[in-house]
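Participant: The structure follows.
The values are calculated or read from the model by the stated rules, or taken from the named source; none is laboratory data. Keep in mind the model is a prediction, meaning the values are calculated, not measured. Every residue, glycine among them, receives a Cβ derived from its backbone with ideal geometry; neighbour counts consider all protein chains shown. Surface areas here come from the heavy atoms of the whole protein model, side chains and all, with no ligands, DNA or RNA. Shrake-Rupley method; radii C 1.70, N 1.55, O 1.52, S 1.80 Å.
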Amino acid sequence: MTEHMAARLFAPLVLTAIAALGLLLWILRNGDLCPGQRRRISDGLISVWAVFGLALMLSVEANVPNFMLWLGGATLIAGLSAALYQSRLQGKRSLPLSWHWPALGLALCYGVALLLREGAGALLMAGAGGCVFTHLIMVRAKHRLQAFNLLLPLVGIGFAIGWLLLLLAQTLWIQSDPHTLLDTSRLITPFGQMCAAILLGGIIWLLPLLRKEQTKPPVVAVAALLMLSALTVGQGIIWQLSVNIS
């Protein structure tokens, strides 16, 4: 399960970045934010493009089509240009959201192309990774939209559990096919790892709420690491299932 790890990281990272970009721009458009919060959250978009750029480098090992490489490069250039220009503004000023629309449009096109490549389950992967990464950026930005401290963990954990159940259903469906030989014993360990990562990540993510404490960036960072680990293990399971289908 450790071979080709870079290629298996590609889909979870790029989907996480695209979903987080969409969520953050939606929050910037509709959230009741003061100029300081708006500026700090806008500055956090640079982290989204850093993750997207890392995923784009990993896409070479994932053997994505050439048009996706070019589309990803154009998306990264558009997004980084707006983020870097944003960093040059003084005080609490932030760019109008219209500056980010071209990058968002290209990112959504890239996401659709990846969805066609990975399957509908990629939506669940994007939801889980996007929620935890968005929450991490917002907590680092010291946001005051307290409802998101509850909504993002609940929705993100729900997406992660949905992703796990979908993989389990696909495994059982392939196993029931008499024309495929699926050794389920090889999947026990990755399924166990995925369950453990989601469970531990969910507990850590919700722990500040359960203890009625302020959510701090290190806590969400650990939860994000565990959730992304679960998504990466799930991507490895998908690869094993695709081998049996083919």
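Participant: Which of the residues belonging to segment 219-246 are without any contact (Cβ under 8 Å) to a residue 40 or more places away in the chain, open to solvent by 90 Å² or more (accessible area, probe 1.4 Å) and more than 17 Å from the chain's Cα centre (by Cα)?
Facilitator: Those that are without any contact (Cβ under 8 Å) to a residue 40 or more places away in the chain, open to solvent by 90 Å² or more (accessible area, probe 1.4 Å) and more than 17 Å from the chain's Cα centre (by Cα): Val243, Ser246.
Participant: Moving to a separate point now. Quick one: which residue in Leu187, Leu151, Leu182, Leu166 is of a type in the set (A, V, I, L, M), modelled with pLDDT of 80 or more and either surrounded by 15 or more Cβ atoms within 10 Å (Cβ to Cβ) or in contact with a helix residue (DSSP H, G or I) (Cβ under 6 Å, 6 or more places away or on another chain) (or both)?
Facilitator: Only one candidate passes the filter, namely Leu166.
Participant: Kindly provide the set of residues from segment 74-101 that are farther than 22 Å from Leu33 by Cβ and either modelled with pLDDT of 95 or more or in contact with a Leu (Cβ under 7 Å, 6 or more places away or on another chain) (or both), ordered by number.
Facilitator: Ala74, Thr75, Leu76, Ile77, Ala78 - these are the residues of segment 74-101 that are farther than 22 Å from Leu33 by Cβ and either modelled with pLDDT of 95 or more or in contact with a Leu (Cβ under 7 Å, 6 or more places away or on another chain) (or both).
Participant: Also, quick follow-up: Scan Leu9, Leu76 and give me the residue that is farther than 29 Å from Gln146 by Cα, under 20 Å from the mean Cα position of the chain (by Cα) and touching a residue at least 60 places away in the same chain (Cβ under 8 Å).
Facilitator: Result of the check over Leu9, Leu76: Leu9.
Participant: Residues of segment 16-59 being in contact with a His (Cβ under 7 Å, 6 or more places away or on another chain) and modelled with pLDDT of 95 or more, which ones?
Facilitator: The one that is in contact with a His (Cβ under 7 Å, 6 or more places away or on another chain) and modelled with pLDDT of 95 or more: Leu25.
Participant: Within segment 203-218, how many residues are assigned to a helix (DSSP H, G or I) and either of a type in the set (Phe, Trp, Tyr) or buried (at least 22 other Cβ atoms within 10 Å of the Cβ) (or both)?
Facilitator: Qualifying residue count for the region: 1.
Participant: Still on this model: Kindly evaluate Leu84 against the criterion of being hydrophobic (A, V, I, L, M, F, W, C), part of a helix (DSSP H, G or I), open to solvent by 20 Å² or more (accessible area, probe 1.4 Å) and more than 29 Å from Met5 (Cα to Cα).
Facilitator: Here the answer is yes, as Leu84 does meet what is asked.
Participant: Also: Name the pairs whose Cβ atoms lie under 6 Å apart, with the first residue in segment 190-213 and more than 18 Å from Gly129 (Cα to Cα), the second open to solvent by 60 Å² or more (accessible area, probe 1.4 Å) and of a type outside the set (Lys, Arg), and 6 or more positions between them or separate chains?
Facilitator: From segment 190-213, the pairs are Pro190/Met1.
Participant: Taking segment 200-217 only, how many residues are at pLDDT 95 or above and out of contact with any helix residue (DSSP H, G or I) (no Cβ under 7 Å at 6 or more places or on another chain)?
Facilitator: Of the residues in segment 200-217, 1 are at pLDDT 95 or above and out of contact with any helix residue (DSSP H, G or I) (no Cβ under 7 Å at 6 or more places or on another chain).
Participant: Checking the structure you have, find out if any residue of segment 95-111 is in contact with a Pro (Cβ under 8 Å, 6 or more places away or on another chain), part of a helix (DSSP H, G or I), in contact (Cβ under 8 Å) with a residue 12 or more places away in the chain and not polar (S, T, N, Q).
Facilitator: no
Participant: Now for a different question. Only one residue in Arg117, Arg140 is touching a residue at least 40 places away in the same chain (Cβ under 8 Å), open to solvent by 40 Å² or more (accessible area, probe 1.4 Å) and more than 30 Å from Thr171 (Cα to Cα). Which one? Steps first, answer last, please.
Facilitator: Details: Arg117 fails: more than 30 Å from Thr171 (Cα to Cα).
Result of the check over Arg117, Arg140: Arg140.
Participant: So is His135 part of a helix (DSSP H, G or I), within 21 Å of Pro218 (Cα to Cα) and of a type outside the set (A, V, I, L, M) or not?
Facilitator: So His135 passes the test.
Participant: Where residues in segment 7-43 are surrounded by 24 or more Cβ atoms within 10 Å (Cβ to Cβ) and of a type in the set (Val, Ile, Thr), which of them is farthest from Cys109 (Cα to Cα)?
Facilitator: Ile41
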